[in-house]
1. Using a/c under 1.5 as the rounded threshold, could you call segment 104-210 rounded, prolate or oblate? The axes a ≥ b ≥ c are square roots of the C-alpha gyration tensor eigenvalues, and prolate needs a/b larger than b/c, oblate otherwise.
2. Just to check I understand the Karplus step: with θ = phi - 60° and J = 6.51 cos²θ - 1.76 cosθ + 1.60, what whole-Hz values come out for segment 132-148, glycine and proline as x?
3. Using the Karplus curve 6.51 cos²θ - 1.76 cosθ + 1.60 with θ = phi - 60°, what ³J(HN,Hα) values do you get for each residue of segment 46-63, in whole Hz, with x for Gly and Pro?
4. Can you order the peptides 96-109, 46-59, 181-194 by their average number of other Cβ atoms within 10 Å per residue, highest first?
Amino acid sequence: MNENVSGDAREMLDLIDGQQRRVDRGHRIPVVWLYTVWAVAWLIGFLALYLAQLGLVLPVAAGVLFAVLIVGSIVASAVIGSRIGRGVRGESQFSGTVYGVSWSVCSVAFALVGIGLIAQGMPGELAGIYFPSAYALMCGTLYLAGAAIWGDRLQLGLGLALLVVGSVAPFLGLGPNLLLMAIAGGVVFGAGAIVTLGTLGTLRAPKPQR
């Protein structure tokens, strides 16, 4: 009798553990796509701007490509983020919603600051230095916030890396700063995708014991 009860309890615990693993995998798989989308956007977008600075690509074409990639990434992030938060309720839902909205709000705020500086006479060369670093610093800060909210060490590492990149880039001047952003974006976000993908293997449901 006791063996039957013990067996039933073990099966119940295995069932709960399996369900939790599936939920965790369901949340992390979209994150892999999220990091991949941003890695591609930063790598190709900033590389296009760098090539335009060298005169190898038309500036208008590079600007349009960069804008399409960034806007597309923002839209993809909103869609993926909504799927990740689907079914979540309570304080976690509130934190996730505020965090998601913060990306759009901060993006607009940093853009307005840059536009204001241009209106006050900031030359185009300085604008080309300001905007990339400003958004790198914004992303880094928001990743630190995400790390604090969810206790995610990966976001902590990504956030610190982006803060370093955003702080160092202005010292390189216009042109090299864009190349740094392209390489750093591909490496940092790509590393995030690879690390997250690697954790999926640990979330596979264990084989049933006989």
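Here, each number is a calculation from the coordinates, and none is a lab measurement. Here the structure is a predicted model, which means the values were calculated and not measured. Cβ coordinates were reconstructed from backbone atoms using ideal geometry, including for glycine residues, and neighbour counts include every protein chain displayed.
1. On the way: a/c = 3.80, a/b = 2.38, b/c = 1.60.
Here segment 104-210 falls in the prolate category.
2. My calculation for segment 132-148 gives x, 5, 4, 6, 5, 5, 4, 4, x, 5, 5, 5, 5, 5, x, 5, 5 Hz in order.
3. Each residue's phi maps through the Karplus curve to give 6, 5, 5, 5, 5, 5, 5, 5, 7, x, 8, 9, 4, x, 5, 5, 5, x Hz.
4. Details: 96-109: 14.2, 46-59: 17.4, 181-194: 20.1.
Packing order, densest peptide first, comes out as 181-194, 46-59, 96-109.
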